[in-house]
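The structure appears below as structure tokens.
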Amino acid sequence: ETGVTQTPRHLVMGMTNKKSLKCEQHLGHNAMYWYKQSAKKPLELMFVYNFKEQTENNSVPSRFSPECPNSSHLFLHLHTLQPEDSALYLCASSQVATGELFFGEGSRLTVL
Amino acid sequence: ILNVEQSPQSLHVQEGDSTNFTCSFPSSNFYALHWYRWETAKSPEALFVMTLNGDEKKKGRISATLNTKEGYSYLYIKGSQPEDSATYLCALTTSGTYKYIFGTGTRLKVLA
């Protein structure tokens, strides 16, 4: 139990669906992250939020839309995804933007 | 583009064997090198953070060394046990951005 909880753990969606991934951290951290893990590729940073403000968008397509309503919650809204977006999406948090990362268990997304 | 390389990609060892793997990284603007242990269906868990050239860290049967001048770190596991089976990730953070750059990991399987 790392203190970072992701839901759902598994999600299957069609290309026209709209769904959201949720991340919650109980560690009192100020920075939250979305990472993408595709098969045989390194973990790829998508977004960084520091004190609820987005500080990093790593050239992510607009069909992925993050939302950070407070320092404890982070969402990833998904709309008109492509099959190649199928991957494991990991949320992480850290005390400060330069600190050690604490990860959730990930949301496994399959786009049909 | 900064690249973090890990080798081997995967390996199988017998219970009781000792093993080691390598993480190679560009040495310019080095800030820290991180090792994570990632068991299947769980979240990546931090093992070590190393910042100083020549650093050596140990946690039980697992230890790591760091050479920032030549850009590599070794992770050693002494007397491997089946519960050591996991993917071992290393990540580089550089001064200035402090973003984590992950390698693709070494997948270890310890056979009983």
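A short reminder: the numbers here are calculations on the coordinates, not readings from a lab. These figures come from a predicted structure and were not determined experimentally. A quick note on method: Cβ atoms are made from the backbone with ideal geometry, for glycine too, and the neighbour counts reach across all protein chains shown.
Can you tell me which residues in region B:78-105 are among the hydroxyl-bearing types (Ser, Thr, Tyr) and either in contact with a Leu (Cβ under 7 Å, 6 or more places away or on another chain) or under 18 Å from A:Asn58 (Cβ atoms) (or both)? Of everything in region B:78-105, those that are among the hydroxyl-bearing types (Ser, Thr, Tyr) and either in contact with a Leu (Cβ under 7 Å, 6 or more places away or on another chain) or under 18 Å from A:Asn58 (Cβ atoms) (or both) turn out to be B:Ser85, B:Tyr88, B:Thr93, B:Thr94, B:Thr97, B:Tyr98, B:Tyr100, B:Thr104.
Just to check your reading of the model, which residue among B:Ser43, B:Ser63, B:Ser10, B:Ser27 is touching a strand residue (DSSP E or B) at 6+ places or on another chain (Cβ under 8 Å) and in contact (Cβ under 8 Å) with a residue 40 or more places away in the chain? Walk me through how you get there before you give the answer.
Values: B:Ser43 fails: in contact (Cβ under 8 Å) with a residue 40 or more places away in the chain; B:Ser63 fails: in contact (Cβ under 8 Å) with a residue 40 or more places away in the chain; B:Ser27 fails: touching a strand residue (DSSP E or B) at 6+ places or on another chain (Cβ under 8 Å).
Of the residues listed, the single one that is touching a strand residue (DSSP E or B) at 6+ places or on another chain (Cβ under 8 Å) and in contact (Cβ under 8 Å) with a residue 40 or more places away in the chain is B:Ser10.
Here are some residues: A:Ser93, A:Ser71. Which one is within 14 Å of B:Tyr100 (Cα to Cα) and within 15 Å of the chain's Cα centre (by Cα)? Reasoning before the result, please.
Working: A:Ser71 fails: within 14 Å of B:Tyr100 (Cα to Cα).
When all the criteria are applied, what remains is A:Ser93.
With a requirement of 3 or more residues that are within 14 Å of another protein chain (Cβ to nearest Cβ), the strands (runs of 3 or more DSSP E) lying completely within region A:18-112 that satisfy it span A:18-25, A:31-37, A:44-50, A:53-57, A:87-94.
Matching residues to (1) of a type in the set (Gly, Ala, Ser); (2) within 26 Å of A:Thr5 (Cβ to Cβ); (3) facing chain A (nearest Cβ under 10 Å); (4) crowded, with 17+ Cβ neighbours inside 10 Å:
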{"residue": "B:Ala46", "(1), (2), (3), (4)": "yes, yes, yes, no"}
{"residue": "B:Ile62", "(1), (2), (3), (4)": "no, no, no, yes"}
{"residue": "B:Thr68", "(1), (2), (3), (4)": "no, no, no, yes"}
{"residue": "B:Ser73", "(1), (2), (3), (4)": "yes, no, no, yes"}
{"residue": "B:Ala91", "(1), (2), (3), (4)": "yes, yes, yes, yes"}
{"residue": "B:Gly105", "(1), (2), (3), (4)": "yes, yes, yes, yes"}
